[in-house]
1. List every residue pair whose Cβ atoms lie under 6 Å apart, where the two residues are 6 or more positions apart in sequence or sit on different chains, the first residue falls within the range 234-259 and is basic (K, R), and the second residue, located anywhere, is assigned to a loop (DSSP other than H, G, I, E, B) and at pLDDT 90 or above.
2. Considering only the range 249-288, state which residues are surrounded by 15 or more Cβ atoms within 10 Å (Cβ to Cβ) and over 20 Å from I235 (Cβ atoms).
3. Select from the range 59-93 the residues that are of a type in the set (F, W, Y) and either open to solvent by 40 Å² or more (accessible area, probe 1.4 Å) or closer than 17 Å to Y363 by Cβ (or both) and list them in ascending order.
4. Under the condition of being touching a residue at least 24 places away in the same chain (Cβ under 8 Å), of a type outside the set (K, R) and in a helix (DSSP H, G or I), which residue from the range 272-291 is farthest from I309 (Cα to Cα)?
5. Identify all residues within the range 94-112 that are more than 29 Å from the chain's Cα centre (by Cα), surrounded by 13 or more Cβ atoms within 10 Å (Cβ to Cβ) and not in a helix (DSSP H, G or I); write none if there are none.
6. For residues in the range 189-216 being among the polar types (S, T, N, Q) and either modelled with pLDDT under 90 or open to solvent by 50 Å² or more (accessible area, probe 1.4 Å) (or both), which is farthest from the chain's Cα centre (by Cα)?
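The values are calculated or read from the model by the stated rules, or taken from the named source; none is laboratory data. Here the structure is a predicted model, which means the values were calculated and not measured. Note that we place each Cβ from the backbone using ideal geometry, even for glycine, and neighbour counts take in every protein chain shown. Areas reflect the complete protein model, heavy atoms only, side chains present, ligands, DNA and RNA absent. Shrake-Rupley method; radii C 1.70, N 1.55, O 1.52, S 1.80 Å.
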Amino acid sequence: MMNLYKHWVMIYDYNLALSDNDVKATGGLSLKSADSQNKSQDKHYNKKKLKMEELRQSIKEREQTKIENKLALLQQHIGYQLDDQIDDDFIDQIPMESFVWTVIENIYRRFYQENLSRFEIKEDKNYRDITYNDFVNESLLALLSLHIYIVDFNLNLSIVNDSINVLNDQIQLLQHFKQLQYTQPNKLSIQYTKDKNLKTDIFNHYKLKYKAFMNDQEVKSIYAFNDETVCTFPILEDSEQIEIIIQGKRIGGESKEFVQIAKVNLELDEILISFDLRTFSKQFISPVLLMVDYMDGSEDAPFKGQNQIELKFSLQMPTDQRLKMIEKLIEKQSNKKKELESVIQQRDQQIKQIVSLFNNLTYITGQDIISKDQANLKNHNSCDGCIIQ
């Protein structure tokens with residue numbers, strides 16, 4: 001059987017690509033290290049991060065294989081001869097608002113290169129050109145795609161829940177222990193590192209400078225790690241974004257001026273939530289290294305590939321402002337949790353709409369497609385009354 005995992009993003013043919021109301025699984029920032037000054041800790045952290053990424057990928061591949069292997073189960077439970085064409089009785093049981101119509105629309109588009117709406121397909125009975133075998137195969141693709149979404153979003157939901165728990169713990173510590181009252185200045189510091197591994201072809205064409213803009217203050221230069229001068233900004237109540245500006249001067253060019261070749265807007269909350277949250281109650285909050293992606297936006301860009309800057313963020317705050325910051329982060333994470341749960345529920349409903357057309361099958365959210373008899377047996381074996389005291 002073909003590797004369906006390669007297709008699960010492409011299936012958005014299905015309009016399953018994240019909408020404005022969805023929560024993206026990944027952001028523009030990627031975390032590298034909890035403490036850039038401790039090289040051994042860097043290596044340990046990177047290994048830990050790599051293991052987390054490998055675990056996520058391993059879970060996805062496991063779930064992919066599980067759903068791919070459901071083809072025979074779907075064929076057995078469709079209730080019709082696979083070579084027969086879809087008939088009126090089958091179509092009449094599908095509500096027009098059901099996601100199943102998206103599956104049927106996609107079949108028709110794949111086979112006939114026509115973008116007909118569900119209303120046109122039903123009114124003109126174009127579904128009679130589709131066999132039940134076509135429907136089963138396309139349903140499997142949709143189920144795989146939707147299930148992977150749920151699995152991935154459940155992983156993100158676990159991370160968000162963990163962050164909320166840790167932040168609540170930090171508030172408790174700061175509020176109940178007087179020795180944790182800090183009188184530090186309020187500042188976020190930004191530096192860039194000179195990681196040779198991040199050098200791309202863009203360095204063959206430009207000398208680069210990095211600048212930052214925040215709080216409607218003046219644009220400030222970002223200096224290299226270990227430089228005596230450090231770029232700092234206070235975090236104000238209305239602070240929301242940091243603009244990272246990349247300037248370049250062409251090597252061998254006539255102009256000696258640095259001009260802007262890219263700009264990246266970073267959400268302040270995404271930066272703050274990337275710190276080691278467990279250190280928010282400590283005197284010194286552990287710095288964090290973040291990778292920022294950018295591309296040369298010049299019309300005559302000599303290198304059009306992806307580039308990265310490694311930025312080190314350091315944070316200092318007095319206790320009262322830490323508490324306000326943590327409360328705001330909890331609110332943001334709680335909103336993200338609700339959004340994730342909403343997306344998971346939507347995808348779950350779409351899967352169950354498809355599965356409902358297969359006799360005696362059910363979907364256990366984020367886990368598996370099994371027979372209702374098997375599900376009932378699982379529920380019976382796990383019921384409270386079956387637990388031996």
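1. K249/F258
2. K249, R250, F258, I261, A262
3. Y80
4. Among those that are touching a residue at least 24 places away in the same chain (Cβ under 8 Å), of a type outside the set (K, R) and in a helix (DSSP H, G or I), it is L277.
5. I94
6. My answer is N204.
One line per residue, one yes/no per condition, for (1) modelled with pLDDT under 90; (2) in a helix (DSSP H, G or I); (3) touching a Leu at 6+ places or on another chain (Cβ under 8 Å); (4) not aliphatic (A, V, I, L, M):
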| residue | (1), (2), (3), (4) |
| --- | --- |
| K324 | no, yes, no, yes |
| K332 | no, yes, no, yes |
| G366 | no, no, no, yes |
| I370 | no, no, yes, no |
